[in-house]
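Here is the structure we will look at.
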Amino acid sequence: MKILVTGAAGFIGSNLLGRLAARGDEVVGLDNINDYYDVRLKFGRLAQNGFDGPFEDKGTSFSTVWPSCRFLKGDICDKPFIDKVFKEENFDVVVNLAAQAGVRYSITNPYAYLKSNLEGFLNILEACRDNKVKHLVFASSSSVYGLNSKVPFSEDDKADSPVSLYGATKKSNELMAHSYAKLYGIPSTGLRFFTVYGPWGRPDMSPMLFATAISKGEPIKVFNGGDMIRDFTYVDDIVEGTIRVIDNPPSFFKVYNIGCSNPVRLMDFISEIETALGVEAKKEFLPMQPGDVYQTYADCSKLESELGYHPTTTLHEGIGKFIEWFNSEMNPLR
């Protein structure tokens, strides 16, 4: 298959691109390499897939690792550019992982989310419509569940009370994709990702924040007094589930939870990082932050029963692999 992966310099996107290329798909990665967080991580992820630059706007780079893989530097908000790429490439499948991420950042920079997550996603939908894409897979988020107090979170639950603009844009993506699937016959699948961690993870997420602070002897910020629960999911399991979805387009439209279904208390998560680093953390206990929720817990039975998804990485194993990478020369932020 010929597959477009947007957000290809991102955490999940770079891992997915490599897995697809390794199995023989022709993959085109696309990313604007913005500076929302340290771009050294993005360049490092690209280098892992054989892209050494130079990365010029609207330019193409060829992988030295995967002969069937190319990278385009560009923005999904640039409609003429996106239209041109789709017309020239004739993709079979599009995996849209490009988005403005981060719950807390959406409190202070709301317009960045409207631009990328709504306008950019609309450009992807229009391009899929005009070029007869056979399957659109796109990133949603567990943030759509918002104030939902029923656990585990099921795709059948109402998801109309998000507590962050980020969550609201992700729910909007689901509604937009549903309408395009209905109007124009674009088979579409939304993936509600739960907290993803692992090597090359984002520096604004708790694993990297905690590991960095602890290793420097600095205090970590522990919100809600440590009384929080998260469905942490190792990146390899997320990629495996995403590939299963790519290979099984729906007849119309579907949404899947994709998590671990094994929620962990925040203090236990911190303890695993302390053990792996061999250092006890200094903790600064703080109240709940705006936009945060008390717990996330994925009911993945739909993805398991329909596509055979079974996450296999335990938290202990996953944190061990993350810290091994964190302490290695591969980590550009050391």
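Coordinate-derived values only; no laboratory data. Every value quoted in this text rests on a predicted model; they were computed, and no experiment measured them. Counting neighbours? That spans all protein chains shown, and the Cβs are built from the backbone with ideal geometry, glycine included.
Computed from Cα atoms, the angle from the helix 121-130 axis to the main principal axis of the chain rounds to 30 degrees. Taking the DSSP beta bridges with both ends in the stretch 1-83, the antiparallel portion is around 25 percent. Helical runs (DSSP H, four residues minimum) scored at -39500 (n - 2.57) apiece and divided by the length of the chain put the mean residue ellipticity at 222 nm at -11000 deg cm²/dmol.
Applying both filters, DSSP loop and at most 13 other Cβ atoms within 10 Å, to the trypsin sites (Lys or Arg not before Pro) of the stretch 255-300 gives 282. Relative to the longest principal axis of the Cα atoms of the chain, the long axis of helix 11-22 makes an angle of roughly 50 degrees. In a reduced charge model with +1 at each Lys and Arg Cβ and -1 at each Asp and Glu Cβ, the stretch 1-68 shows a dipole moment near 240 debye about its Cα centre. Positive end of the dipole of the chain, charges at C-beta (+1 Lys, Arg; -1 Asp, Glu), about the Cα centre: which of 47, 193, 107 has its Cα farthest in that direction? About the Cα centre, the residue reaching furthest to the positive side is 107.
Backbone amide hydrogens, once placed in the peptide plane, bring residue 296 within less than 5 Å of 229, 230, 231, excluding anything fewer than 5 places away on its chain.
Each residue of the stretch 235-244 was assigned a 3J(HN,Hα) from its phi angle through the Karplus curve 6.51 cos²θ - 1.76 cosθ + 1.60 (θ = phi - 60°); the sequence is 4, 5, 5, 4, 5, 4, x, 5, 5, 4 Hz, with glycine and proline shown as x. Amide H contacts for residue 220 (H built 1.01 Å from N in the peptide plane; partners 5 or more residues away or on another chain; cut-off under 5 Å): 282, 283, 284. Separation of the stretch 289-310 and the stretch 10-82 by C-alpha centroid, Å? The stretch 289-310 and the stretch 10-82 have Cα centres spaced 28 Å from each other. The phi-based Karplus calculation (6.51 cos²θ - 1.76 cosθ + 1.60; θ = phi - 60°) puts the 3J(HN,Hα) values of the stretch 26-40 at 7, 10, 10, x, 9, 6, 8, 6, 6, 9, 4, 9, 3, 5, 4 Hz, whole numbers, x for Gly and Pro. The slack in the chain from residue 19 to residue 111, taken as 0.36 nm per residue of separation less the alpha-carbon distance, amounts to 29.8 nm. In the structure shown, the pairs 254/283; 150/170; 171/302; 171/283; 170/221 are assessed against 30 Å; a Cα-Cα span above that value is assigned to 254/283; 171/283.
For the stretch 193-209, the Karplus equation 6.51 cos²θ - 1.76 cosθ + 1.60, evaluated at θ = phi - 60°, returns couplings of 5, 9, 3, 9, 9, x, x, 6, x, 5, x, 8, 9, 4, x, 6, 4 Hz by residue, with Gly and Pro reported as x. Distance from the alpha carbon centroid of the stretch 226-249 to that of the stretch 131-187 works out to 16 angstrom.
Where nothing but the Cβ of Lys and Arg (+1) and of Asp and Glu (-1) is charged, how large is the charge dipole of the chain around its Cα centre, in debye to the nearest 20? Walk me through the numbers on the way to the answer.
Numbers: 35 positive and 42 negative charges, 92 e Å.
Magnitude of the dipole: close to 440 debye.
Taking the DSSP bridge list for the chain and keeping only pairs wholly inside it, about 10 percent are antiparallel. Taking Cα extents along the principal axes in Å as the quantity of interest, determine which of (1) 54, 44, 38; (2) 63, 50, 36; (3) 104, 74, 42 was computed from the displayed structure. The value computed from this structure is option (1). Largest GNM mean-square fluctuation among 202, 23, 244, using the chain with Cα springs under 10 Å: 23. Each Lys and Arg Cβ is given +1 and each Asp and Glu Cβ -1; about its Cα centre, the stretch 257-334 then shows a dipole of about 140 debye.
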